[in-house]
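What follows is a set of notes on a single structure, which appears directly below.
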Amino acid sequence: MSPTSTDTASAAEAKNGTSTPFVNTMPDSTFSWQVTLAQKVIAITGANRGIGLGIAEVCLANSAKFVYSMDLMEPGEETIALQTRYPNFRYIQTDVTSEESIEKAVNQIVEETGRIDGLVANAGMTKHQPALKFERPDLERMFNLNVFGAYFCAQIVARKFMELGIKGSIVMTASMTSYRPNRAAPSAPYGATKAAVRNMCHTLAMEWSKHGIRVNSISPGFVRTAMTYYVETAPDWDTKMEYYGGMPRLADPRELGGAYVYLLSDSSSYTTGIDIPIAGIVGAW
Ligand SMILES: NC(=O)c1ccc[n+]([C@@H]2O[C@H](COP(=O)([O-])OP(=O)(O)OC[C@H]3O[C@@H](n4cnc5c(N)ncnc54)[C@H](O)[C@@H]3O)[C@@H](O)[C@H]2O)c1
């Protein structure tokens, strides 16, 4: 297949000497090499509950200057409890299926804090039912939130990083279902959305490395949230655990947080385009 004009754009730019100079992510000589988010402003989509809220807590515990939840739903008790412990945990009502809404939130964060250093594209949804039953509107809803939402969050924040000259980090929440089926509750479209999320990170990482922007993903297995309430109630759960091996329990959302902190921190300055599966072996079958 012959390359399209967009395929060859960077080569042409390089030939004409108009390409963007390469922005080196290597920390400067004063960097302490401590894994920390000190001074960093982090936005997390869907952080009012579940995995997003867990990531927010671990980012705050690791000295993030501000953490913003960009979520559609109003803060509930858990969000407010974390805000009470960390007044630097803020909320901006955002619909990540709308580019206008994402852009407004990102601009507000920069107006309030002067910067944005990291974005976690985490908001997502699933629906479990046999493949033969899915209708187009179900797929459109899922792809619109999980894939288009993550894509436009990344694109909008990458533009902002470039505008501000910030060596930003983008982390997307993929899923073990991006690799193989969730045998506990199949959802073919959901797995497809998460495979798309994991895959897009590779190309975004490649395209934006010259701007000093890193893009990675994390693939959780079973995490205890509203999305997985059904898992442990299955009558055959104990038997499944016996046969799957690994850790016979779901994860607490905070157990994923360290990996997000690492990928958002300057300590991961040479890490881009990778996925970190966190599944306690269960879900990694
Ligand atoms: N729970 C698991 O076991 C598991 C495993 C693998 C991957 N994941 C992924 O992790 C992410 C978080 O899952 P969770 O279990 O915490 O889910 P959850 O349903 O508990 O939380 C999702 C959050 O996203 C928000 N949200 C929904 N639509 C939105 C929109 N249009 N704009 C902004 N925010 C929106 C919701 O209000 C909610 O706060 C999802 O992408 C999910 O696919 C979850």
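The alpha carbons of the chain stretch over 63, 54, 35 Å along the principal axes, in descending order.
If you run the Gaussian network model on the chain, springs between alpha carbon atoms under 10 Å, then out of G212, G245, G118 the most flexible one is G245. Give K167/K194; K127/K167; K127/K240; K104/K167; K65/K104 a once-over and call out the pairs whose C-alpha atoms are over 30 Å from each other. Checking Cα-Cα distances, K127/K167 exceed 30 Å.
Listing K65, K40, K194 from fewest to most neighbouring C-beta atoms within 10 Å gives K65, K40, K194. Note on the chain: with charges restricted to the Cβ of Lys and Arg (+1) and Asp and Glu (-1), its dipole about the Cα centre is near 380 debye.
Sorted fewest first by neighbouring Cβ atoms within 10 angstrom, M73, M241 come out as M73, M241. Segment M247..R141, full-extension length gain: 34.9 nm, with 0.36 nm per residue of separation and the alpha-carbon distance subtracted. Each of L250, L264, L53 was scored by other Cβ atoms within 10 Å of its Cβ. Listed from fewest to most, they are L250, L53, L264.
Of the residues A154, V106, L60, the one whose Cα sits farthest towards the positive end of the charge dipole of the chain is A154 (charges of +1 on Lys and Arg Cβ, -1 on Asp and Glu Cβ, taken about the Cα centre). Restricting the calculation to alpha carbons of the range 183-239 gives Rg and Dmax of 16.2, 51 angstrom.
Summarising the amide proton neighbourhood of V282: residues at separation of 5 or more, or on other chains, whose placed amide H is nearer than 5 Å comprise M247. Label sites at F134 and E77, each approximated as a point 7 angstrom past Cα along Cα to Cβ, lie 3.5 nm apart. How far apart, in nm, are the 7 Å Cα→Cβ label points at S209 and N88? Each label point lies 7 Å from its Cα, and together they span 3.2 nm.
Pairing the Cα long axis of helix 254-264 with the longest principal axis of the chain, what angle in degrees results, from 0 to 90 and rounded to the nearest 10? Around 20 degrees separate the two axes.
Each value in this text was obtained by applying a stated rule to the coordinates, not by laboratory testing. Owing to the predicted nature of the structure, the values given are computational and were not obtained by experimental measurement. Cβ: placed from backbone, ideal geometry, glycine included. Neighbour counts: every protein chain shown.
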